[in-house]
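The next block holds one structure in the form of structure tokens; read it before the comments.
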Protein chains: 2
Amino acid sequence: MSGHLAVVGLGSGDPRYLTPEADAALAGAQALYGYGPYLDRVPTRPGQTRHASDNREERARAAAALRHAAQGARVAVVSGGDPGVFAMAAAVCEEIEAGPESLCALEVVFVPGITAMLAVAARIGAPLGHDFCAISLSDNLKPWELVERRLDAAAGAGFVIALYNPVSRARPWQFGSAIERLRRHLPASTPVVFGRSVGRSGEHVSVATLDRADAVSADMATLVIVGSRETRVIPRAGRVPLVYTPRAAAEMSA
Amino acid sequence: MSGHLAVVGLGSGDPRYLTPEADAALAGAQALYGYGPYLDRVPTRPGQTRHASDNREERARAAAALRHAAQGARVAVVSGGDPGVFAMAAAVCEEIEAGPESLCALEVVFVPGITAMLAVAARIGAPLGHDFCAISLSDNLKPWELVERRLDAAAGAGFVIALYNPVSRARPWQFGSAIERLRRHLPASTPVVFGRSVGRSGEHVSVATLDRADAVSADMATLVIVGSRETRVIPRAGRVPLVYTPRAAAEMSA
């Protein structure tokens, strides 16, 4: 089988985040598959077909792309950020495992990208400078009780927490509930970073404290970073503050 | 003050990971600061000075770069992977907070990069496809008991775990001890991915199971990803297997 599938991370928005490896994978593809708004970020190239699909159709998109590649084509699936972080890479693997044996023979490569938490962290300082975790607040694919258990474990053990998919139209209360849960473990003054559309038009980065974080509006384009007890804010006259987590954790209470 | 400091992520090794934003930041700098082997990855440019320093001299390097920028120069500090993940960004923020007030007026930007866990994950499939965390096993900057507490919390709550800095000459036993600890929480068959020098010469990626993971040799150039109970391996004839964590977690025991 001569087909080839690349699962490509576009990075967080702007072309300045697009790695040369990702650019080459996109340029070499005969067909592109992806969520429409992600495909729109890729320059059109002559002779290349585009197959847009809706959000939340990851499995169907992965299946269609794999079928196309299995016919001998060079196919790329595009993903925002990094394809391996709450994105298309796992959906493609799920489809390979569930599909016919022949899919295992297909050449499949994954091309990493700048995922949202790295882009947002870079905009504000170094909030992920010590141990951290990433949790998707979407409970489409896991029970909410599991999200709560993970919030408890992470905050209790001193991890900085990056929250992906904090809010959507179908999930209006989960973000507020998560913040409320985190208040059981962390002081009211804990810094919370909101990065909306980082690297895209309408970019907005702000810092709140945990006691007021649920009053800040967030949406599917927002990535939230909740600090640990050690995370610090450096005010700067005339500039946004710097938020960072020191490399050293001195105490067990962290 | 007209100086400018950029803290730049080179990505994990190869230039194919270097983003256009990072490339531009390096090209525009009058002086580069960094750990020698990272500086060696940056093409030389006429008129640009280089200031190499040893590993574990992050604070001194950050201070020197800030002083240089405060004199009005355009300075870049280079970091492997992403500067915000166990790298130079936090050291620069620490130095700004500890230094004279004038440092807060300096223009400082952070340029994200492909951190090792994203590069390693992409090489093997999608092991970070569900909630995950990143822990540095270096106990230079935190007590080992805190590392153990975080391993317990993360494995117990079903996070996939990326282990940075698993082994160094001065820390020979920590990795084995961490694996032993994780066996309290996870089945013997849990997949463990070892990515050594990904994107560089001598790249080697392999998969073991948790019961044998401490027999695999790791070093400072190795990034280890320990799966959760849900992480799966897809064997492929004539190819390395795919390792991935499904997007859905069905059960609370995860």
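The values are calculated or read from the model by the stated rules, or taken from the named source; none is laboratory data. These numbers come from a predicted model, not from an experiment. A quick note on method: Cβ atoms are made from the backbone with ideal geometry, for glycine too, and the neighbour counts reach across all protein chains shown.
A compact table of results
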{"item": "Of residues in segment A:207-245 being closer than 13 Å to A:P127 by Cβ and of a type in the set (S, T, Y), the one nearest to the other protein chains (Cβ to nearest Cβ)", "result": "A:Y244"}
{"item": "Answer from B:V240, B:V207, B:V192, B:V198 - the residue that is at negative phi, loosely packed, with under 14 Cβ neighbours inside 10 Å and aliphatic (A, V, I, L, M)", "result": "B:V240"}
{"item": "Condition check for B:A248: of a type in the set (G, A, S), within 14 Å of another protein chain (Cβ to nearest Cβ) and under 26 Å from A:A248 (Cα atoms)", "result": "no"}
{"item": "Residue selected from segment B:101-114 under the condition of a type outside the set (A, V, I, L, M) and either closer than 16 Å to B:V160 by Cα or in a strand (DSSP E or B) (or both), by the criterion farthest from the other protein chains (Cβ to nearest Cβ)", "result": "B:E107"}
{"item": "Only one of B:V78, B:V85 that is of a type in the set (A, V, I, L, M), more than 8 Å from chain A (Cβ to nearest Cβ) and either surrounded by fewer than 24 Cβ atoms within 10 Å (Cβ to Cβ) or closer than 23 Å to A:G81 by Cα (or both)", "result": "B:V78"}
{"item": "Considering residues of segment B:13-42 that are charged (D, E, K, R) and either in a loop (DSSP other than H, G, I, E, B) or exposed (fewer than 15 other Cβ atoms within 10 Å of the Cβ) (or both) only, the residue nearest to the chain's Cα centre (by Cα)", "result": "B:D14"}
{"item": "Residues of segment A:115-129 classified as facing chain B (nearest Cβ under 7 Å), over 25 Å from A:A76 (Cα atoms) and touching a residue at least 60 places away in the same chain (Cβ under 8 Å), total", "result": "5"}
{"item": "Tabulated pairs, segment B:43-57, first part of a loop (DSSP other than H, G, I, E, B), second hydrophobic (A, V, I, L, M, F, W, C), C-beta under 7 angstrom, 6+ apart or interchain", "result": "B:R45/B:A27; B:Q48/B:A29; B:Q48/B:A31; B:Q48/B:L32"}
{"item": "From A:V198, A:V240, residue being in a strand (DSSP E or B) and out of contact with any Gly (no Cβ under 6 Å at 6 or more places or on another chain)", "result": "A:V240"}
{"item": "For A:A64: the one exception among (1) at the interface with another protein chain (Cβ under 8 Å from one of its Cβ atoms); (2) of a type in the set (A, V, I, L, M); (3) surrounded by fewer than 24 Cβ atoms within 10 Å (Cβ to Cβ)", "result": "(1)"}
{"item": "Condition met for A:S189 (small (G, A, S), in a loop (DSSP other than H, G, I, E, B) and over 23 Å from B:Y164 (Cα atoms))", "result": "yes"}
{"item": "Filtered residue count, segment A:167-197, keeping only those that are in contact with a Ser or Thr (Cβ under 7 Å, 6 or more places away or on another chain), away from chain B (no Cβ under 14 Å) and modelled with pLDDT of 95 or more", "result": "6"}
{"item": "Pair list, Cβ under 9 Å, 6 or more apart: segment A:101-114 residue closer than 15 Å to A:S2 by Cα, other residue among the acidic types (D, E)", "result": "A:L103/A:E95; A:L103/A:E97; A:C104/A:E97"}
{"item": "Whichever residue in segment B:176-189 is of a type in the set (A, V, I, L, M) and out of contact with any Lys or Arg (no Cβ under 7 Å at 6 or more places or on another chain) and, among such residues, is surrounded by the fewest Cβ atoms within 10 Å (Cβ to Cβ)", "result": "B:A188"}
{"item": "In segment A:141-157, the residues that are within 7 Å of another protein chain (Cβ to nearest Cβ) and not hydrophobic (A, V, I, L, M, F, W, C)", "result": "A:K142, A:P143, A:E145, A:R149, A:R150, A:G156"}
{"item": "Flag for A:V92 being in a loop (DSSP other than H, G, I, E, B) and either under 18 Å from B:P246 (Cα atoms) or more than 8 Å from chain B (Cβ to nearest Cβ) (or both)", "result": "no"}
{"item": "Close pairs from segment A:154-168: first closer than 12 Å to A:D139 by Cβ and of a type outside the set (G, A, S), partner modelled with pLDDT under 95 and assigned to a strand (DSSP E or B), Cβ under 9 Å, at least 6 apart", "result": "A:N165/A:R171"}
{"item": "Filter result (of a type in the set (A, V, I, L, M), in a loop (DSSP other than H, G, I, E, B) and surrounded by 16 or more Cβ atoms within 10 Å (Cβ to Cβ)) within segment B:1-12", "result": "B:L10"}
{"item": "Residue in segment B:218-235 that is in a loop (DSSP other than H, G, I, E, B), in contact (Cβ under 8 Å) with a residue 40 or more places away in the chain, surrounded by fewer than 17 Cβ atoms within 10 Å (Cβ to Cβ) and hydrophobic (A, V, I, L, M, F, W, C) present", "result": "yes"}
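Residue-by-condition table, conditions (1) more than 18 Å from A:R239 (Cβ to Cβ); (2) charged (D, E, K, R); (3) modelled with pLDDT under 95:
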{"position": "B:E57", "(1), (2), (3)": "yes, yes, yes"}
{"position": "B:A60", "(1), (2), (3)": "yes, no, no"}
{"position": "B:A63", "(1), (2), (3)": "yes, no, no"}
{"position": "B:R67", "(1), (2), (3)": "yes, yes, no"}
{"position": "B:A73", "(1), (2), (3)": "yes, no, no"}
{"position": "B:G81", "(1), (2), (3)": "yes, no, no"}
{"position": "B:F86", "(1), (2), (3)": "yes, no, no"}
{"position": "B:V92", "(1), (2), (3)": "no, no, no"}
{"position": "B:E97", "(1), (2), (3)": "no, yes, no"}
